[in-house]
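Read through the structure below, which is laid out as structure tokens, and then see the notes.
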Amino acid sequence: MDATGIPLNWFLILSACLFVIGLAGVLIKRNAIVVLMSIELMLNAANINLVAFSVYNNDPTGQVLALFSIGLAAAEVAIGLAILLNLNRLRDTVDLNDLTILRW
Amino acid sequence: MVEFTAIVPEIILVLFAMALPALGYATKNSKILAGFGLAGVVLSAVFTFMMANDLSVAYEFGNGLIRVDQFAILFMFIFLAVAGYVILASAVYVKDDKHQPEFFSLIMLATVGMMIVASSTDLFALFLGIELTSLASYVLVGFRKKDVKGAEAATKYFIIGGLSSGFSLFGISLVYGITHTTSFAGINTYLSWSVPLANPELLWLAMIMVVVGFGFKISMVPFHMWAPDVYEGAPTTITAMLAAGSKKMGFVAMFKFFLIGLIAIKADWQLLVGIMAIVTMTWGNIVAIQQTNIKRMLAYSSIAQAGYILMAIPVATEYALAGGLFQILTHAFMKGGAFLIVATLATVAIGETIKDYKGLAKRSPFMAFAMMIFLLSLAGIPPLAGFWSKFVLFSAPIDAAATAGAEWMTWLALAAIINSAISLFYYVRVIKYMYVDEGECKDKLKLPWSMVAAVAICLVAVIGIGLWPDPFIEYLKQAAHSFFVLY
């Protein structure tokens, strides 16, 4: 345990919960925007892990990695929203169940 | 003084990619834009070649995050070749579309991502490379903004891609937590010194997360459902890039993660990955039989090929890795070439269902011949390139099965051979349509020369590797050797 006084396990439990909530969102929700938000939750869960491990391992690498992954998540949202916006213009929906042109 | 030599090829590509949109203000001629992009790719290849000539120097960048060795060089050449023929073919394919400069620019940025993955020695550098490629290819898939299919494919690709990066990032964070490092060599050192681990379950969880993340990228069953949809909806030259380039990047990631990072605990994952390989190849081939759209058929055949390449991981010998690399090399040309033919024919209004290819041999003998060569090579008919790569790849598990405890690997080879026989059925069906059946229209086709040239490059590669496989096998063995020795 270090100066923060919070055991590492708590961080891991938090991040695991966030990850599972995100994953459930991706699998259950049918609105593409909500799915996008759920994906962000999954990425943020990983960030919490990285920072927590970084502090408890006394190794700054993890925090640098978390910064990179935050930047990456921002880029991903930008592209994702653009794609969904275009979909909404063409099809007037962002419901994933309506995406049925391509299937076998 | 930071030494930039190791990433000069990437820097050149980025500079050209950044200059392209600026050039777009001066000209709207897609041929000039493509020519400029192609110049960047060629220049980058020249610098890669200069590094390849003198590998006694260690080309490193960023504290060894990026290191160029023979293995990396091989993949940089494959990716540059793919970028080259995709840009060449796209010059005509997108001539009526808006935003052409960005199109070529994004192809080059995707290639940069792939090259970073090829030369990364660190899980996180590798992850960033994968993401760079993914972000560029999401946009490329949805490039035709008015195309309903393209928009749907882009949405699916983006959501699956985001899910996959969520999984891999979480897995990577766990690996970092367990081993205190993200470099492959460091992970290996940690694992080989601290077996048995205090908490093996956590490592298992991390491993499964990373496998799921990368599994989406290489379209491993059961994470493959996006591939046919995206391959069908994307502009076809981009489909060629996805199948020949970005999927191969996923394999590089898998090779590095398993064969360097986790090699110390290989007994734990060998059987699992072996079963995944068999399931992937079988499922891909069985579903490919039922397809009526040629892009979907090739997509499922791509999934089956992913299963073959995956075999190299559980076998985990130098020879097997050489086989996997060989299959990746030949697949980049034969599958890419096949998709380029579909793209070329689309420019003269030939549809995407297999029936549209009836009587093609009379209308365009060259295209029909090239398609036949690519399909036969995919099926593994001698003396084409696909035969030799399959030969090396399939003989590796039998070789390895001689050692104690690895007898089950014979089944890998057996499954792969049976699958090759199944795949012959749907490949030959296309050839029959092209050569035996009569089409409704018999006019000769007038095809754009740059696309024919791109197909011809792939054709020369497939036949050339098929006729002179020895130097390639020799080189690939060295690359596989350097892969295992250097780390």
Size of electric dipole in the protein assembly as shown: Cβ of Lys, Arg +1 and of Asp, Glu -1, about Cα centre, debye, nearest 20
1840
Given B:K295/B:K446; B:K295/B:K358; B:K335/B:K432; B:K217/B:K295; A:K29/B:K248, the pairs whose alpha carbons are separated by over 25 Å:
A:K29/B:K248
For B:T239, the net charge from surrounding residues (Cβ-Cβ under 15 Å; K, R +1; D, E -1) works out to +3
Please report Rg over Rh for the range A:8-98, where both radii come from the alpha carbon positions and Rh follows the Kirkwood definition.
1.10
Please report the carbon-and-sulfur percent of the accessible area for the protein assembly as shown; probe 1.4 Å, protein heavy atoms only, DNA, RNA and ligands left out.
69
Scalar couplings 3J(HN,Hα) for the range B:433-445 by Karplus 6.51 cos²θ - 1.76 cosθ + 1.60 (θ = phi - 60°), nearest whole Hz, x for Gly and Pro, are 4, 6, 9, 8, 6, 8, x, 6, 9, 10, 5, 5, 8
Å² of accessible area per residue within the range B:1-84, as computed with a 1.4 Å probe and no ligands counted:
47
Where in the range B:216-248 does accessible area fall by at least 20 Å² between the isolated chain and the complete protein assembly, at a 1.4 Å probe radius?
B:M225, B:D229
With a 1.4 Å probe and all protein chains kept in place, how much accessible area does B:D96 have, in Å² rounded to the nearest 10?
130
C-alpha long axis of helix B:70-93 to longest principal axis of chain B, angle in °:
20
Shape call, the range B:220-289: gyration tensor on alpha carbons, a/c limit 1.5:
oblate
What is the range B:306-370 by shape, rounded, prolate or oblate, if you read a ≥ b ≥ c off the alpha carbon gyration tensor as root eigenvalues and call it rounded for a/c under 1.5, prolate for a/b larger than b/c, and oblate otherwise?
prolate
Quick one: net charge around B:T182, please, counting Lys, Arg +1 and Asp, Glu -1 for every other residue with C-beta under 14 Å from its C-beta.
-1
Heavy-atom accessible surface buried between A and B, both sides counted, 1.4 angstrom probe, nearest 100 Å², is 3700
Report, as an integer, the average count of C-beta atoms from other chains found within 10 Å of each Cβ along A:21-31.
1
Considering every residue in A:73-83, what mean count of other chain Cβ atoms within 10 Å of its Cβ is obtained?
5
In a solvent-free Debye calculation with one equal scatterer on each Cα, what is log10 I(q)/I(0) for the range B:5-486 at q = 0.09, 0.11, 0.13 Å⁻¹, listed in the order of the q values?
-0.55, -0.85, -1.21
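The values are calculated or read from the model by the stated rules, or taken from the named source; none is laboratory data. Computed from a predicted model, the values in this text were never measured in an experiment. Please note: Cβ atoms are built from the backbone with ideal geometry, for glycine as well, and neighbour counts cover all protein chains shown. Just so you know, the surface numbers come from the protein's heavy atoms only, side chains and all, with ligands and any DNA or RNA stripped out. Shrake-Rupley method; radii C 1.70, N 1.55, O 1.52, S 1.80 Å.
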